[in-house]
Amino acid sequence: MPGFMLDTGRFYRREPVKIESEYHGALVRRIAEGIGMPLELAPEENAGDTRSRAPVRCGGSRTGWVVVAPDDGVHGRRAAEMAAELVGRLITAEQDIASLSMEVADRYEELNFLYEMGDRVGALLDEDEICSFVAEEAAWLLDCERASVMVVDPQSGDLRIRAAVGLPDEISDEVTVRPGERISGKVFESGHAMVVNEGDPMPAESLRVDELRESNSFLCVPLKFSTESGGEEEIVGVINLTRKRGGDMFTASDLKLVSAVAATTATQIHNCRLINAERERQRLEQELELAARIQLSLLPEEPLNRGAVRAAGSCRPARHVGGDFFDYWVQDDRVCIVVADVSGHDIGAALMATAMRSVMRSQAAHRSSVAGLLAQVNRALFEDLVRSELFVTAFYAEISLDGGEITFCRAGHPKPLLVQDGDAHWLDTDGMLLGLQPDGDYEERSVTLSEGAVLTLYTDGLMETVNARGESFGIEGVRRATMAALDAPAEEGAAGILEAAREHGRASAQADDLTALVVRYDGGEAGADG
């Protein structure tokens with residue numbers, strides 16, 4: 001027998017609810033008793049032609065049932081119509097109640113689904129796992145044969161498929177979409193979802209995927225979230241859905257639900273990237289701290305104390321690692337001293353400084369002259385410096401342990417300050433930076449040190465330290481700090497000069513590596529080996 005069918009929502013695809021006629025037939029009989037006229041509820045096709053009848057309507061549509069009365073003229077027709085109207089109103093009310101109940105149930109299930117999905121997605125910290133989970137859940141949720149999650153590639157700026165359901169592997173690996181091109185690219189660029197149903201432009205044209213030509217509907221939703229800073233929206237990709245089973249079209253309800261899924265997905269992808277970026281930052285921080293410890297360990301551990309020569313230095317990188325370094329060592333009958341500055345303040349500069357230290361020490365035993373040593377070092381490091389786009393300034397000197405003669409040369413480095421016999425001199429020679437030409441030409445000079453002479457070597461970062469007024473520490477600052485430390489041991493003098501520069505620039509962040517090296521010549525042969 002026919003019955004009134006109430007179609008519920010589509011969220012979990014319940015079977016339609018059938019409103020039975022028994023209750024409504026009893027209502028008709030009670031109405032009949034009240035008016036004293038026999039009435040009955042009957043299927044419309046079985047009502048017969050000899051009796052008065054009125055169709056039962058719900059929302060203006062016939063239900064397939066009629067109220068039948070004996071053929072009693074006007075009174076019978078009016079009784080049938082009255083009873084039919086009452087039953088129709090009751091059915092309409094029941095339909096509204098059932099519809100509302102089903103809608104509330106659907107909304108509850110949707111919210112429960114979104115809550116559980118958010119909880120599951122929130123536990124994932126791998127982008128591929130997030131995308132795979134969402135693609136599978138979205139395909140199941142809307143009963144689609146195919147689904148894909150596309151995420152923008154940070155390097156190329158293209159959308160690439162990170163996870164898919166129902167797509168061949170070769171398509172998932174090869175398909176890319178530029179922002180603004182085709183449906184996925186337009187949705188990504190605009191931030192607005194798009195539904196393509198039968199009769200609209202084919203989704204196959206939007207993705208260049210021939211297999212999608214058989215589809216009659218396509219849904220694309222942006223993966224977007226609001227940033228913490230001013231509520232601006234950021235889009236990281238899109239979700240694509242197609243081929244609903246049964247040939248159904250996508251609805252506004254589908255769009256709303258997938259948009260909620262997309263928001264949760266985008267937020268977790270963003271959180272995942274923040275967490276991974278923080279982990280990477282911490283990893284790099286640890287590596288830089290290790291590199292800093294290694295670099296500082298390559299500097300001389302103790303002051304040099306050989307014959308009449310005393311030397312000590314201090315270095316403070318602008319960051320964890322830097323390009324400044326100093327060194328001193330004894331080679332046969334001479335003390336070798338070097339201060340150098342590799343351009344840059346990163347790992348590359350630190351590695352080059354370490355390489356230069358090793359090359360200088362190894363070449364010192366075979367140098368033809370002081371200037372010849374710098375030329376040898378330049379040739380040895382030239383190709384590496386060019387490839388790394390780095391250059392080096394350096395000052396190299398050798399002090400004879402027999403007589404105190406200092407022979408020096410300079411490769412574009414700041415001029416050291418020599419204070420002796422009550423006068424201050426800036427030691428100057430010609431010479432280009434290391435790494436500019438493969439065959440560099442360097443001038444060397446010699447000066448005899450007198451007892452009590454103090455030599456200060458430094459890098460340009462020390463001179464360029466600025467105060468709150470923008471005034472540089474400069475060579476005058478170097479001179480004042482050196483004069484203030486004339487009577488101090490070499491290690492105290494170097495530390496004092498560095499501290500004077502830091503005090504000068506305490507109002508601003510340290511922009512460059514700071515290095516100072518002090519050499520004292522006390523005359524005679526006193527002193528222990530060091």
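Among the residues making up segment 229-261, those that are farther than 23 Å from residue 131 by Cα, surrounded by 13 or more Cβ atoms within 10 Å (Cβ to Cβ) and not hydroxyl-bearing (Ser, Thr, Tyr) are 248, 249. For the residues 340, 371, 349, the requirement of being buried (at least 17 other Cβ atoms within 10 Å of the Cβ), in contact with a strand residue (DSSP E or B) (Cβ under 6 Å, 6 or more places away or on another chain) and farther than 26 Å from residue 520 by Cα singles out 349.
So which residues in segment 455-478 are surrounded by 15 or more Cβ atoms within 10 Å (Cβ to Cβ), out of contact with any Phe, Trp or Tyr (no Cβ under 9 Å at 6 or more places or on another chain) and assigned to a helix (DSSP H, G or I)? Those that are surrounded by 15 or more Cβ atoms within 10 Å (Cβ to Cβ), out of contact with any Phe, Trp or Tyr (no Cβ under 9 Å at 6 or more places or on another chain) and assigned to a helix (DSSP H, G or I): 460, 461, 474, 477.
Specify the residue that is nearest to the chain's Cα centre (by Cα); the eligible residues are those in segment 130-177 that are in a loop (DSSP other than H, G, I, E, B) and without any contact (Cβ under 8 Å) to a residue 40 or more places away in the chain. Ranking the qualifying residues of segment 130-177, first place goes to 154.
Checking 310, 293, 283, 279 one by one, the residue that is of a type in the set (Lys, Arg) and touching a residue at least 40 places away in the same chain (Cβ under 8 Å) is 310 and no other. Here residue 245 fulfils each of the conditions (1) under 30 Å from residue 176 (Cα atoms); (2) out of contact with any Cys (no Cβ under 9 Å at 6 or more places or on another chain) apart from (2).
Can you report the number of residues in segment 352-368 which are among the basic types (Lys, Arg) and surrounded by fewer than 17 Cβ atoms within 10 Å (Cβ to Cβ)? Residues flagged as among the basic types (Lys, Arg) and surrounded by fewer than 17 Cβ atoms within 10 Å (Cβ to Cβ) within segment 352-368 amount to 1.
Taken as a whole, the structure leaves residue 458 outside the set of residues that are of a type outside the set (A, V, I, L, M, F, W, C), over 22 Å from residue 516 (Cα atoms) and modelled with pLDDT of 90 or more.
When we screen 452, 470, 440 for residues that are farther than 22 Å from residue 338 by Cβ, of a type in the set (Gly, Ala, Ser) and in contact (Cβ under 8 Å) with a residue 12 or more places away in the chain, the only hit is 452. Restricting attention to segment 215-265, the residues that are under 20 Å from residue 162 (Cβ atoms) and without any contact (Cβ under 8 Å) to a residue 24 or more places away in the chain total 0. Given the residues 516, 494, which is the only one that is among the hydrophobic types (A, V, I, L, M, F, W, C) and in a helix (DSSP H, G or I)? Residue meeting the stated conditions: 494. Scan segment 369-424 for residues that are assigned to a helix (DSSP H, G or I), in contact with a helix residue (DSSP H, G or I) (Cβ under 6 Å, 6 or more places away or on another chain) and more than 16 Å from residue 341 (Cβ to Cβ) and the total you get is 3.
The values are calculated or read from the model by the stated rules, or taken from the named source; none is laboratory data. Bear in mind that the values here come from a model prediction, so they are computed numbers and not experimental data. FYI the Cβ positions are ideal-geometry reconstructions off the backbone, even for glycines, and counts take in every protein chain you see.
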